[in-house]
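Report on the structure given below.
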Amino acid sequence: FVTAAIVPPAIAYPIAKAFVGPLAQTLCDQYLASGEHHNALAAMLVAIGSLMRRALAFNANAAADPDYVKATQSAHALYSMALLKMDSWRLRQACCLGLGMAGDLGGLSGSGASQCVKALLASIHRGVIALPSAMWALTRLGRIGVAVLVDLATQRHVSTATRVAALKALGTMDVLGVSGGLKAEVGQVVEVVSQTLLGVIEEYQRSETGEPLATEAATSLGQLLSGYTAEGQPTKDYAEAASYFRDIAISPLVSMMAPLLESSPETILPGPMLAIMKAMATHGGPHAEVLVSQWLLQSDWVNVRVAAAEGLRCRGPAVIRVLASGLFDPSAVVRATALASLEAIGIGPT
């Protein structure tokens, strides 16, 4: 059966319909009840997820097939039960991998996906599961999983480690997949998540205890908006800031992040400040490159100029002249950072 999980989608579909339901029931009745055969059970949990994903890729109209719908319900029931009942860290990890591979299966499992979300959330709060795997699995469970991630990222009673993991997952998730493959829904998802990340940055960018949260939120906001505009449309990639002078709309990332530095930027902690600069320079397009360059050359605050000098290095040779100008900054820290950035892109003392 594990070998069957890597077969072509056309073969995976009939296998999934015929065997996933009975197999899931057998695993629930025998393996989960006995707590034995961990190696075989872990392999099965991952294989079922892989097989279900391949099967769904073959038949986009699987919702009309009652046998396949029943198989998806059985798979999600298995994952939720395994997450709640198994004490083995390895098996919970296998559940996350299998569940993430399967995803919400086009919403065919009905309440099954929500039951899996509840089981994942319970395991997270109990601290008995690997956070990166659990957060990844949540991003694969559609909008209900993302809603849980948003709650985890914003709830103050949740541990910092859990909140950071949730913020990271929000930045790296497959937005189109979360939206069920519907491009019309992408804009809504991007809007909700981006506003959540922006709120975390604004709340914690000046808080020493919340510095890891603001830093991760800024990084994730850059990653999230790097591929989509505020309306959910794919963005274009421009290599040089010269494109700034063309008729190009300002990136939503610039519109959200630039105001963060308008009021008392000297009080923003180093971590969030650098994350903001890196996110803008990396993902903000030509407008952001020009803006970060201006901060390096014109800002009155040393911490802003230092972060800008380091953030610009991701732009490569296009910003050599700007970084070279930073070598004449009155602050020794800015000069050293500008030199380090030049060396990082291959320009240094000979």
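Could you work out the Rg to Rh ratio of segment 89-213, with Rh taken as the Kirkwood radius (inverse of the mean 1/r over all Cα pairs)? Kindly include the intermediate steps, with their values, before the conclusion.
Values: Rg = 14.3 Å, Rh = 14.8 Å.
Ratio of gyration radius to Kirkwood radius: 0.97.
Write down the radius of gyration of segment 129-181 and its Dmax, each obtained from C-alpha positions, in Å.
For segment 129-181, the Cα-based Rg and Dmax read 10.4, 34 Å.
Give the accessible area for Ile11 in Å² (nearest 10); use a 1.4 Å probe, count only protein heavy atoms, and leave out ligands, DNA and RNA.
Using a 1.4 Å probe on the heavy atoms, I get roughly 90 Å².
Count the net charge of all other residues whose Cβ sits under 13 Å from the Cβ of Leu138, scoring Lys and Arg as +1 and Asp and Glu as -1. Display every interim value, and only then the final one.
On the way: positive: Lys118, Arg140, Arg143, Lys168; negative: Asp104, Asp151, Asp174.
Residues near Leu138 contribute +1 overall.
List the lysines whose Cα lies under 29 Å from the Cα of Lys85, skipping any in the same chain that are fewer than 8 positions away.
The reachable lysines, counting only those whose Cα sits under 29 Å from Lys85, are Lys17, Lys70, Lys118, Lys168.
Just to confirm the filter: which trypsin sites (Lys or Arg not before Pro) across segment 144-187 are DSSP coil and have at most 11 other Cβ within 10 angstrom of their Cβ? Each step should come with its number before you reach the end.
On the way: sites: Arg156, Arg163, Lys168, Lys183; in loops: Arg156.
Sites meeting the loop and neighbour criteria: Arg156.
Grab the Cα-Cα distance for Ala336 and Ala161, subtract it from 0.36 nm times how many residues apart they are, and report the gain in nm with one decimal.
On the way: separation 175, 0.36 × 175 = 63.00 nm, distance 3.26 nm.
So the extension gain works out to 59.7 nm.
Give me the one-decimal Kirkwood hydrodynamic radius in Å for segment 163-224, with the sum taken over alpha-carbon pairs.
Working: mean 1/r = 0.0850 Å⁻¹.
Evaluated on segment 163-224, it is 11.8 Å.
Please identify which residues in segment 73-91 have an amide N closer than 13 Å to a label point set 7 Å out from the Cα of Ala130, following the Cα→Cβ vector.
Correct set: 89-91.
When the scattering of segment 272-342 is computed by the Debye formula from its Cα atoms alone, each counted once and equally, what is log10 I(q)/I(0) at q = 0.27 Å⁻¹?
With one equal scatterer per Cα and no solvent, log10 I(q)/I(0) is -1.25.
The values are calculated or read from the model by the stated rules, or taken from the named source; none is laboratory data. What you see is a predicted model; the values in this text were computed from it and never measured. Every residue, glycine among them, receives a Cβ derived from its backbone with ideal geometry; neighbour counts consider all protein chains shown. Calculation scope for accessible area: heavy atoms of the full protein, side chains included, ligands and nucleic acids excluded. Shrake-Rupley method; radii C 1.70, N 1.55, O 1.52, S 1.80 Å.
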